[in-house]
Amino acid sequence: MLILGIETSCDETGLALYCGERGLLAHALHSQVDLHAEYGGVVPELASRDHVRKTLPLLREICRRAGVESTEIEGVAYTRGPGLIGALLVGAALGRSLAWAWRVPAVGVHHMEGHLLAPMLEPEPPAFPFVALLVSGGHSLLVEVQGVGQYRILGESVDDAAGEAFDKTAKLLGLPYPGGPALAKLAERGNPGRFQFPRPMTDRPGCDFSFSGLKTAAITMWRSLEPTSENRADVARAFEEAVVDTLAIKCRRALEATGLKRLVVAGGVGANQRLRARLRDLAAERGGEVHYPRLEFCTDNGAMIAYAGWRRLASGQREDLGIEVLPRWPLDQLTAAN
Ligand code: KG4
Ligand code: ZN
């Protein structure tokens, strides 16, 4: 079954062709980073308008690259939510309309399910069940995954998401948007032992996170210092260490609570090298394994939506002709698809 996937939930336009028999045939991504950089964050209206401009040219590009005619496409998957309503509507309206015109089924995919299943695109995909750490700009979740759509939330952020904390801290440190990768790069030059920030919510039981206090700790420290590049790098390093440590502590708890050994890490913050190294050590120590998507599929992309859509369409899920998006959509409300 050949599926077109369309991702437009935020500031990346991603399109991909996934074939159940042959795997990922082609994918293309347009990042809006330059468009939003001068505003220091995503401007929703600009994001929607840019998705309108980019979706069809990217569709033509992936069809050309894969050597596929649109008449060969057997199903369409698009991101239904969560995300920015206007941005989601562009992908949903296009995806639903193309499916209608092509007389093929369509399915609206949960963006975080896309992230969660992205490691399935790798040569050695994780087997179910596993614990998933989903860390993106909008979400920080620990989930027990028994199968596609079988999700139990073990913990989530009570305030800022991990990526959001990276982005806000980076902005306050004067780093360019998007802040996460910029802060991580700066932290490489930082002195690891100079500052020690708290590991929020690790002193009480459970797997919930809180990152806003950490952001405040970093900013308070930065404002008390001379604004030198060395000080900035040291604050960035201490912030990154604290986030990574906190996430690792909660992952350990989630593995202990479920008795599972397999960990899957996905979402934009999953591109963070320090986090990857720490979780690799944690998994090895417990005799388990950790799976990541390749770096380009950690952040938003169309391939993960095409894959998740294929799993759902292949299991018989179909939707009617309405164009509906869900800017808020709890992950544990999904139905199983096997
Ligand atoms: O999954 P994603 O592309 O978009 C959402 O669905 O939110 O995640 C984007 C987030 C941003 O907050 C970005 O700063 C963060 O992931 N991010 C990183 C790194 N690369 C991206 N955070 C820390 N270290 C990185 N290397
Ligand atoms: Zn995402």
| task | Can you send over the solvent-accessible area of residue 207, 1.4 Å probe, protein chains only, in Å² to the nearest 10? | result | 20 Å²
| task | Per residue of the stretch 68-78, in order, report the coupling 6.51 cos²θ - 1.76 cosθ + 1.60 (Karplus, θ = phi - 60°) as ³J(HN,Hα) in whole Hz, putting x for Gly and Pro. | result | 10, 8, 4, 5, 7, 6, 10, x, 10, 10, 9
| said: If the only charges are +1 at each Lys and Arg Cβ and -1 at each Asp and Glu Cβ, what is the size of the charge dipole of the stretch 238-300 around the Cα centre, to the nearest 20 debye? | reply: 220 debye
| said: For the chain, what does the helix formula give at 222 nm: sum of -39500 (n - 2.57) over DSSP H segments with n ≥ 4, over the residue count, nearest 500 deg cm²/dmol? | reply: -13500 deg cm²/dmol
| Solvent-accessible heavy-atom area per residue, rounded to whole Å², over the stretch 254-308 at 1.4 Å | 37 Å²
| request: Order 17, 35, most accessible first, counting only protein heavy atoms with a 1.4 angstrom probe. | output: 35, 17
| How large is ³J(HN,Hα) for each residue in the stretch 98-113, as worked out from phi by the Karplus curve 6.51 cos²θ - 1.76 cosθ + 1.60 (θ = phi - 60°), to whole Hz, x for Gly and Pro? | 4, 4, 5, 5, 8, 6, 10, x, 10, 8, x, 9, 6, 4, 6, 5
| note | Note: probe point = Cα of residue 1 + 7 Å toward Cβ; backbone nitrogen < 17 Å; residues of the stretch 89-107 passing the test are 96, 99-100, 102-107
| field | Whole-percent carbon and sulfur share, accessible surface of the stretch 193-338, 1.4 Å | value | 48 percent
| field | Label-reachable residues, the stretch 4-44, where backbone N falls under 17 Å from a point 7 Å from residue 296's Cα toward its Cβ | value | 5-7, 12-19, 23-33
| Using a Förster distance of 51 Å, the FRET efficiency for residue 189-residue 333 (Cβ separation, nearest 0.05) | 0.75
| With every protein chain kept in the model, how would you rank 53, 312 by accessible area, 1.4 Å probe, largest at the top? | 53, 312
| said: At 1.4 Å probe size, what's the solvent-accessible area of residue 335? Round to the nearest 10 Å². | reply: 90 Å²
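Once you have the Cα-Cα distance between residue 61 and residue 257, take 0.36 nm times their residue separation minus that, and quote the gain in nm to one decimal.
Between residue 61 and residue 257, full extension yields an extra 66.0 nm.
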| message | Quick check on the chain: of the DSSP beta bridges with both residues there, what percent are antiparallel, nearest 5%? | response | 60 percent
| Inter-probe distance in nm under a simple model that places probes 7 Å from Cα toward Cβ, at residue 33 and residue 249 | 3.2 nm
| message | Tell me the carbon and sulfur percent of the accessible area for the stretch 1-81, rounded to whole percent, probe radius 1.4 Å. | response | 49 percent
| note | Comparing 66, 233, 308 in a Gaussian network model of the chain (Cα, 10 Å), the one with the largest mean-square fluctuation is 66
| query | With every protein chain left in place, what is the accessible area per residue of the stretch 144-245 in square angstrom, probe 1.4 Å? | reply | 45 Å²
| When all protein chains stay in place, what accessible area (Å², nearest 10, 1.4 Å probe) is found for residue 36? | 0 Å²
| Restraint check, 54/250; 171/250; 168/261; 168/250, Cα-Cα greater than 31 Å | 54/250; 168/261
| query | Against the longest principal axis of the chain, how steep is helix 273-285, in degrees 0 to 90 to the nearest 10, with axes from Cα atoms? | reply | 90 degrees
| Probe 1.4 Å, all protein chains present, accessible-area order of 276, 294, largest first | 294, 276
| message | Can you give me the accessible area per residue for the stretch 26-67, using a 1.4 Å probe, in Å²? | response | 57 Å²
| request: Using only Cα atoms, locate the centre of the stretch 259-338 and the centre of the stretch 202-225, then give the distance between them in Å, rounded to an integer. | output: 26 Å
| field | In degrees, nearest ten, helix 229-258 long axis to first principal axis of the chain (Cα) | value | 60 degrees
| message | Quick check: the distance between the Cα centres of the stretch 106-130 and the stretch 51-85, to the nearest angstrom? | response | 19 Å
| Amide H to amide H under 5 Å from residue 208: which residues, 5+ apart in sequence or cross-chain, H placed 1.01 Å off N in plane? | 156
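The values are calculated or read from the model by the stated rules, or taken from the named source; none is laboratory data. Owing to the predicted nature of the structure, the values given are computational and were not obtained by experimental measurement. Note that each Cβ is placed from the backbone with ideal geometry, even for glycine, and that neighbours are counted across all protein chains shown. We work out accessible area using only protein heavy atoms, side chains counted, and drop any ligands, DNA or RNA first. Shrake-Rupley method; radii C 1.70, N 1.55, O 1.52, S 1.80 Å.
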